[in-house]
Structure formats: C-alpha cells, structure tokens
1. Look at the range 434-455 and say how many of its residues are touching a residue at least 12 places away in the same chain (Cβ under 8 Å) and under 29 Å from residue 503 (Cβ atoms).
2. Would you pick out the residues in the range 119-143 that are of a type in the set (Phe, Trp, Tyr) and surrounded by fewer than 17 Cβ atoms within 10 Å (Cβ to Cβ)?
3. Take the residues in the range 414-433 that are touching a residue at least 40 places away in the same chain (Cβ under 8 Å) and open to solvent by 40 Å² or more (accessible area, probe 1.4 Å); name whichever of them is farthest from residue 484 (Cα to Cα).
4. Residue 410 versus (1) touching a Leu at 6+ places or on another chain (Cβ under 9 Å); (2) assigned to a strand (DSSP E or B): which is the lone unmet condition?
5. Just the residues that are open to solvent by less than 60 Å² (accessible area, probe 1.4 Å) and among the polar types (S, T, N, Q), please, taken from the range 46-89.
6. Among the numbered conditions (1) open to solvent by 60 Å² or more (accessible area, probe 1.4 Å); (2) touching a residue at least 40 places away in the same chain (Cβ under 8 Å); (3) touching a Lys or Arg at 6+ places or on another chain (Cβ under 7 Å), tell me where residue 219 comes up short.
7. Residue check: is residue 328 under 18 Å from residue 270 (Cα atoms) and hydroxyl-bearing (Ser, Thr, Tyr)?
8. Where residues in the range 360-371 are small (Gly, Ala, Ser) and out of contact with any Lys or Arg (no Cβ under 7 Å at 6 or more places or on another chain), which of them is modelled with the highest pLDDT?
Amino acid sequence: HTLAHNAIARLEVEKEIYHIGLKGEIFVYSVTIANTDYVKDKEILLNSEQWYDHAKKTFTIKPSTIKVQQSDFDVKGYFTFGDSRYIDLTVDGKKGNIQTLLSLLPGSYNNLKEYNSKGQVYFTATIKGDIGTKTNPAINVSFGFSDASLTNPTFGESIENAFLTGTFSNGASRNTSTSELSLKNFKAKFKDKSFKGNFLIRNLDHPYVELDLSGAIDIESLLKFYPLSNVSNAKGSIDADIQFKGVLDHVRDKRNDLIHASGEMEVKDVSFTLKDVPYSFKGLNGVFLFNKNDVAISGFTGKVGVSDFVVEGFFKNVISYLLIDGQSILVDAELTSNYIDINELMKYSSSEKQKEGRSGSGEFPYMDGIDINLNCNIKHLSFDRFQPKNIKGRVRFNQPYLELQKVSFNIAGGSIYANTYVTFKSPDKIPTALTTNFSNLRVDSIFYVTDNFGQDFLTNKHLKGDLSGSLNLFFVLTSSLDIQPASIAADADFLISNGQLNNFEPMKKLSRFVEEKELENIRFSELKNKIYIKDEVITIPEMEIKSNVSNISVSGTHTFNNQMDYKLVVPLKNFKKAKQDKDEAFGAIEVTNTGSSNIFLSIKGDSDNFKISYDSRRTKEKIKEDLKKEKEEFKALFKKRQQDELIHHQSEEENRDYEESDFFDF
C-alpha cells in the first residue's frame, strides 16, 4: 500500500517499448510478504526508470536509486517472462546505517525501530539465472557493518564498536540443500565488556552448523539495552567461550562421535526477579563445561527465595534437547542445601492456578523428556508443619515415574528411612506407595506435624511416647497433591515406649466400670501392635496395654468419618462390684484358664457421641478368629493394589539405568 504525494511519473511508448519513469516522494504504508508487513509507514525517495519490451517479453530496470531515511540503494537489472524466464538483478546499498535496516523489519520487531544508531552498513545482492519449475536462479548476498552502535533511547545503554561481515548463497545447485549463511568476525562492546563470534549454517535440509562465541555480557546492561517484560532487577555477568560444529541430524540421533562441542560458560553473581513469581533468584554462580552433546556443571550455587542450593553434575544430551523437538535430557547431579522452603517454592503454582480459577497449593511439574538422577543432601526442609532435617537420599524421575530411594531424615526427635514410588500417568490419579522404617519418634510431635491426621478425637494433647516400627502405605493423589481417602491402604507395625494417654474421653468414661482413679493419666512402659487401613477403616488387632491402671486389652475399628467400634477386655478384679448389675453383665464375663475373670466391654458411636457398654456377644476366642481373618484379607488386598496401581516393570528400570562411565571425561 503506497501513496505518491509528491512524485512525477512519465510514460513514453516507442514502437513496442514502454519507457516508464517515476521520481519523487512515496509514502509506503506497508509491503506485505507471506502475511507479514515490512517497510511499514516509511517515506521513500525514488528515482527510477524502467523499460518494458512487449515483443521480447523483457522488463528492464535502468540504474535507479531508492533512499530510505539516511540509506541509499542502487537497483538495476532485467527480467524476461516469455517461453523461458530469466532474471538478472542487482541491489547495492552504498550508503546505509543500522537504523534504516531496523526500520524495515516486520511489525514484531517494532521495539527495535526506536533505537538510535550510527555506523555504516553495506548490502549487495544479486539474483541471476533461469526461473523454471525445476530451476532456480543463483542468489548471492553480502552484507555487514563497521564501527556501528545501537542505543536504547530510554535507558541510554548501547552496543558500541560493532563489526560484522555476512554472506548468503543458495549454492551450486541453487536450492536449500546447497544454501549457506555465514556471519564472520562479529565483535562488539557492551559497556566495559566485549564479545565476538562467528556463525555458519550450510544445507538447510540437513543443517550443518558451526558456531563460536566468546566474551562477557553484563546482564544489567543487556536488559537495559533490550528489556524483557517478565524480567527485572537483573544483575551479574556471563562469561562464555563456546564452540560447536556438527550436523543437527547427528545431534538428534545422538551420534556424539560426530559432534564437536567444547568450551565453557561461567555465571557470576547473577540475580533477577521474574514477573508473577513471588521470590527472587540471587547469587547464581557456576561453571558449565561443554563437551560434545553434554554439559558438566561445576559449583553451581545460588538462592531461590530463601532456599539455597549447590549443584554438581552433568546434563547429558543437552545440546540435542535445546536444538531439536522431542529430545530427552538426562540430569545426573548432586544437590546440597542448607535450607529449602517448599511452601515458598509452591506459591508460584498456587498463584497461577488462582488466575485460572483453580484451587490448591500447587501442581507437580510434569517434565516430559527430562530424566533426573539426583543425590540429595539437605540439612533442613520446610513444608507446613513438616520440618525434617539431615535429609539424604536419591531422587529418580522419568515421566511418569518418580522414585525417592533410600531416603533418610530426622524428625520429631527420631529417624525415618523410606522408599517412595509415584506414578504420574494421569493428572487426577497419581498412585503412590511408601515403605518406611522409623525409630524413636515422639508420638505427640508426629500428631502435631500431621495436624492430628485431620481429626480431633485422639490428638497430640492426648498421646505421648516414643514410636518405632515400620509402615507399608499406598494411596492415590489428585493433581493438587491431595490424598483420595478411599484409596488409602496401610500396614503398620509399631512399638510405643514410655507412653502416656492423658485426658482421653473414652478412658475417662470407663470410670463407670473400673475401680481405679487414674484413668485421666494412663502410663504404660510398652505398647506393641499392628494397624491395618483399607476402605477408609482403621483396624486395630487385639493388644494389651500394661499400664499403671490395669492390664487392659483393646481391639476394634475406627472409620475415617469417626465411627468407632472398640472391644475392651478388663480384669474382673478392677470391676466396680458395688455398682455391678449382674443381669446387665451376664455373658460379658469370662473365666480364664488360670481361674481369674475378665469383663468384656464395647465402645461404639462417633467421636462426639459414643457409648461404653457390656459386650456379652464377644469372647476372646471369637476376637482372635475375626482378627486373623481380617489380617489375611487385608494382606491380599494390599498386595493386589500395589500390583494393579503402581507399575514398575523391570524393563523400565533396565531402560533407565546407566553407569557413571557413560558420562564424558574432560
């Protein structure tokens, strides 16, 4: 779209030759090529003459000049369009500057057009040869600039003393397979730091690339020169000396023997803040060493919010991952940290979900194509009330499998050793299995950390003691990391030493039946038993509590909605004879082999409304028989759920295993 508002046009006809002339000012609204606007809203000074020979089917551009801002371009050549088509065209930019070239860029680069620039630019292009269905003309372009500069008018930051020599050719066969773009001897100075490099790409069908880049960049100056809307408060510098040479097909096929990459990049005191992320990245330092298709990380340290880290290790196949879609990357590293705050790190996920109208504290970051093998050593981790210390273990992740192997940590005055397996095949159904051993945990602290397991009937205020034992646990998570209660299956074997049961309402209500006066503060030296969970029901096999009050046997069930059905066996010697109702107690008394007697009681109801009564329908033998049956049913169910819901095929492990010798040596 153009407007000739101050121009003179001329047309002369001599036999079958048309002489066309145009001189003056033309305003170009836009030149649209492939749905992209170029040369938008530009004033052009044109002095042009063309000849059209109708008999010979030839269109000739006599030496003409085009001036755009401060740049001059000479154009000449001809084009035939008869039975055979041929072109011979030359464009020569004798006088130009960077600002002119930037002003001609498409709309997506409008932010560059306002920059101030100086320095000379040259540009020469020739298009010559036959044009046919199977032939293309030869295209050769040379361009460059010398002692140029480009300045951001708002912040005043500049690239200075810039030099570049470039060429493009479609090669001997005049197609993409022989095309070549070369950028040579690029160098520039950014503030007080300089950098230089070269770039070559050959055969656009199966690209061969050569690249070398060296020098230093001050990040604060870079982002003042070219601001990024989602990055602020950036400081620090990056020093690089990198070389790459190879065919991208070989990168994709992991032909590391045919890939030549080397050099290093050093990050120095880098800090920045990302938009909508409620924490900053500070003090990033580290060295990244390149070798073939891999990168080694040395001493990469920093802080993310209040969390700190030190990473040493390897990013294997990283060049392929960065350059080619569908590639995978293997991270094999050591993570060391003094403190990690999970709550803070998950705030970003939470804020993003709220913007989309979702709820929850965060989502697991699905990372297709990233295989992680991370050995961790973390002194302190914080996640709500969960505050473990001295965490050690191995994290293996390869979508959809996450494994926490041989994890150990200290919490609640004791130690926990665990292995965890998680499968992320479905975003709304995440099977999780946990096997753990624990020792000397303070029971009241565990209840506090878990917020009393979501109930207020038996809390950290009631139960105390040292807990040891083992646990096999299976459950299913939602995408927001909430547990689906109906999926929980557990088998716990525990021992509580030096225990106390204080002010527990069911024990206090036993005063109707038991003579002792210390029911509000029961002390026991040892309590050992198993607990089973399935179908939202907690099953407690018979256990004997040897306490300061009496030797009381307890068994029963407790549902997730707090429906209780407990069975108690109390020695008759503790029975309140003065209040004994013989008719009511009939059938609830059993004489043992030693001649002593026990009274059977039951506790039924919910946590807010329960009743303690005589249990005339239960005997000790029946209790044992029922619990044995329940135990066998549970074991079968737990095994089936592990097999059905959490699949870790041996073949998966074989495909994912690797030896340290697979990594490169420097």
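The values are calculated or read from the model by the stated rules, or taken from the named source; none is laboratory data. Given the structure is predicted, the values throughout are model-derived calculations rather than measurements. Backbone-built Cβ (ideal geometry, glycine too); neighbour counts: all protein chains shown. All accessible areas refer to the heavy atoms of the entire protein, side chains included, with ligands and DNA or RNA removed. Shrake-Rupley method; radii C 1.70, N 1.55, O 1.52, S 1.80 Å.
1. The number of residues fulfilling the criteria is 15.
2. 122, the sole residue that qualifies.
3. Selected residue: 421.
4. Just one mismatch for residue 410, condition (1).
5. Result: 48, 50, 58, 60, 64, 71, 80.
6. (1)
7. When the stated conditions are applied, residue 328 does not pass them.
8. The residue in question is 369.
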